[in-house]
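Enquirer: Quick one: this structure, given as structure tokens, is what I'll be asking you about.
Any read-out appearing in this document is the output of simple, stated calculations on the displayed coordinates, not a laboratory observation. Model, not experiment: these values are computed from the prediction. As a convention, Cβ positions derive from the backbone with ideal geometry for all residues, glycine included, and neighbour counts pool all protein chains shown.
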Amino acid sequence: MKLLLLGPPGAGKGTQADFISTEFAIPQISTGNIFRENIKNNTVLGIKIQEYMNAGQLVPDELAIDLVENRLEQEDTKEGYLLDGFPRTIKQAEALAKIITLDAVLELKIEDEVIVQRLAERFFHKESGRTYHTQYNPPKKSGFDDVTNEPLVQREDDKEATVLSRLDVYHKQTEPLVNFYQNPAHSKKYFVIKADDSIADIRKQILKICQNI
Ligand code: AMP
């Protein structure tokens, strides 16, 4: 099963991607997570992309495409995978289309205002990347990671001004993928999921869809 979760920042892609990946035993390929890992480890790639990420801009297409092409050559992707955060531009989607046709695209649909509100209340544990939300997915102890009890922080790119520019980037550069993937040559199926419901309700919708792909 080769899937793509498409949607604006803050739609809940990461949370639902974790769930799908566990439930259907397929690897989650999240370019955002891989980029953050590189920044944390101060790699050559990390140094190149840090400025873009902190400003809420997309990193150059070639870097994202190279990363995913290499990842898709690894053995664990043979039975399928879930792409989360890639492709994000038509150029990236065209590069991907040269390698595969997706089985399904799941679009998470949500209004900008709800996203701004959501991201302001999102916190994460820096070491592990575990994400929490004060309202939808609170940690057991406010402000602290459930597993390590270390303090939670806000992602640099979740600050309001950056969120607004990430949304702008989404509408201009990523939203054209909605049309691209409604073409069966690029994805066999296309589903729209209302993403302003609770995490549990969205999960139920996704489960139903994935069981029938
Ligand atoms: P995410 O965690 O998916 O919201 O990604 C965080 C940031 O990583 C984005 O705002 C971009 O700066 C960068 N990024 C992640 N995936 C891509 C991609 N496919 N193309 C370009 N930039 C990306």
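Enquirer: Against the condition surrounded by fewer than 18 Cβ atoms within 10 Å (Cβ to Cβ), touching a residue at least 24 places away in the same chain (Cβ under 8 Å) and either in contact with a Phe, Trp or Tyr (Cβ under 9 Å, 6 or more places away or on another chain) or in a helix (DSSP H, G or I) (or both), how does Leu164 come out, does it pass? Before you say what the answer is, go through the steps one by one.
Expert: On the way: surrounded by fewer than 18 Cβ atoms within 10 Å (Cβ to Cβ): yes; touching a residue at least 24 places away in the same chain (Cβ under 8 Å): yes; either in contact with a Phe, Trp or Tyr (Cβ under 9 Å, 6 or more places away or on another chain) or in a helix (DSSP H, G or I) (or both): yes.
So Leu164 fits the description; yes.
Enquirer: Ok, one more. Given the conditions (1) touching a His at 6+ places or on another chain (Cβ under 8 Å); (2) within 15 Å of the ligand (Cβ to nearest atom), and given that Glu121 satisfies all but one, which numbered condition is not satisfied?
Expert: Of the numbered conditions (1) touching a His at 6+ places or on another chain (Cβ under 8 Å); (2) within 15 Å of the ligand (Cβ to nearest atom), the odd one out for Glu121 is (2).
Enquirer: Test of understanding: among Ile213, Ile202, which residue is buried (at least 19 other Cβ atoms within 10 Å of the Cβ), within 29 Å of Ala93 (Cβ to Cβ) and β-branched (Val, Ile, Thr)?
Expert: Matching residue, one of Ile213, Ile202: Ile202.
Enquirer: State yes or no: is Tyr81 crowded, with 20+ Cβ neighbours inside 10 Å and within 10 Å of the ligand (Cβ to nearest atom)?
Expert: Details: crowded, with 20+ Cβ neighbours inside 10 Å: yes; within 10 Å of the ligand (Cβ to nearest atom): no.
Spelling it out, it is not the case that Tyr81 is crowded, with 20+ Cβ neighbours inside 10 Å and within 10 Å of the ligand (Cβ to nearest atom).
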